[in-house]
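Please read the structure below before turning to the comments.
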């Protein structure tokens, strides 16, 4: 059991947090940073990186 949710820690520090549906693709780009939620996001993450090049 995890003692806290990372989402709660983000909220406490003022960070922006978003998520997609469970095991669905979800990619966020912020400047030159590209993040993907899970393995289902691999294709979309790669395309986002290529778009930045």
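Values quoted throughout were computed directly from the atomic coordinates according to the rules given, and no laboratory measurement underlies them. Bear in mind that the values here come from a model prediction, so they are computed numbers and not experimental data. When we count neighbours, we look across all protein chains shown, and the Cβ atoms used for this are built from the backbone with ideal geometry, even at glycine.
The table for this structure:
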item: Leading residue by the ranking (nearest to residue 52 (Cα to Cα)) among those in the stretch 17-40 that are in a loop (DSSP other than H, G, I, E, B) and without any contact (Cβ under 8 Å) to a residue 12 or more places away in the chain; result: 31
item: Count of the stretch 1-16 residues which are in a loop (DSSP other than H, G, I, E, B) and surrounded by 10 or more Cβ atoms within 10 Å (Cβ to Cβ); result: 1
